[in-house]
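The values are calculated or read from the model by the stated rules, or taken from the named source; none is laboratory data. Model, not experiment: these values are computed from the prediction. Quick reminder, even Gly has a Cβ in these numbers, built from the backbone with ideal geometry, and neighbours come from all protein chains shown. The accessibility values were calculated without ligands, DNA or RNA, using every heavy atom of the protein model including side chains. Shrake-Rupley method; radii C 1.70, N 1.55, O 1.52, S 1.80 Å.
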Amino acid sequence: MTLSDDELDRYARHIVLPQIGGAGQLRLKAASIAVVGAGGIGAGAIPALAGAGVGRLTIIDDDRVDLSNLQRQPLYASDQLGERKVDIAARFIGKRNSHVEVRTIPDRIEPDNGEAILGGHDLIIDGTDNFATRLTVNDAAVALGIPLLSAAAQQFQGQVALFGAKPCYRCFVGDAFDADDCDTCAELGVLGAMTGTVGNFAALLAIRTLLGLGGGDEAGTLHMFDGLALGWRKIRIAADPACRTCGGA
Ligand SMILES: [Zn+2]
């Protein structure tokens, strides 16, 4: 695999970075990421991932654009109401960077399709809006041995964490949310700029992970952003010895 003249120009600001260079850019080109959810988080992450030249992006979402999405989802426009989000996202990525191969899945991740849809990727980013889907994505990620980057924003709070084999997302939230009955941003609200901040941070963490940037292993660290106090902090997540997905510590 090589970089064309067009790609060398396009990624010049990456390639000049000693931590990336041509070799790092080729690693991004060879990489594949599954983005589960093309809502606020996905709309924050997808432009950054496409611009960075991640070679293959799979966008998974069964939703269509609603007027109430536009406050926080900059992939979509007022004349696209009712259109499938994955179709618009794919067109956006194609225009933004034709070197990125896009696959769209207009479906939800369920226990019976999760491993088939998510298999074969180097990283999964989950920006969905309910715990049931998040736990299903987690179970598939652990079974497949694929790192899972989970990102969420609600009101003025954001959370991003990378999960490896252990701890997993279920260690973090427990079993209580398997039923699809939990709070979503529709009920609690969210500032539009919060999902953009968190989605972009998720893209940064994804690129760091793919390239091994920054030295430390971020797996198992929860990054929290407070949009009112205005700052990030981070804590370690403990593996749950009773976790029925990863078996815990
Ligand atoms: Zn676990």
### Task
Answer with yes or no whether Arg10 is under 22 Å from Asp126 (Cα atoms) and buried (at least 17 other Cβ atoms within 10 Å of the Cβ).
no
### Query
Residues of the range 225-246 being in a loop (DSSP other than H, G, I, E, B), open to solvent by 30 Å² or more (accessible area, probe 1.4 Å) and either more than 16 Å from the ligand (Cβ to nearest atom) or not aliphatic (A, V, I, L, M) (or both), which ones?
Leu228, Ala229, Leu230, Asp240, Pro241, Arg244, Thr245
### Task
Scan the range 153-162 and give yes if some residue there is open to solvent by 20 Å² or more (accessible area, probe 1.4 Å) and over 20 Å from Gly39 (Cβ atoms), otherwise no.
no
### Query
Given the conditions (1) of a type outside the set (A, V, I, L, M); (2) outside the structural domain of Thr128 (by TED's automatic domain parsing); (3) open to solvent by 10 Å² or more (accessible area, probe 1.4 Å), which single one is not true for Asp63?
(2)
## Note on the structure
Counting only residues in the range 13-32 that are part of a loop (DSSP other than H, G, I, E, B) and touching a residue at least 12 places away in the same chain (Cβ under 8 Å), the one least open to solvent (accessible area, probe 1.4 Å) is identified as Ala31
### Task
Give the residues of the range 99-116 that are open to solvent by less than 90 Å² (accessible area, probe 1.4 Å) and out of contact with any helix residue (DSSP H, G or I) (no Cβ under 8 Å at 6 or more places or on another chain), sorted by residue number.
Asn113, Ala116
### Residue in the range 139-156 that is touching a Ser or Thr at 6+ places or on another chain (Cβ under 7 Å) and under 21 Å from Asn69 (Cα atoms) present
yes
### Task
Can you give me the ranges of the strands (runs of 3 or more DSSP E) entirely in the range 61-169 with at least 2 residues that are of a type outside the set (Lys, Arg), free of Cβ contacts under 8 Å to residues at least 40 places away in the same chain and more than 30 Å from Asp6 (Cβ to Cβ)?
148-154
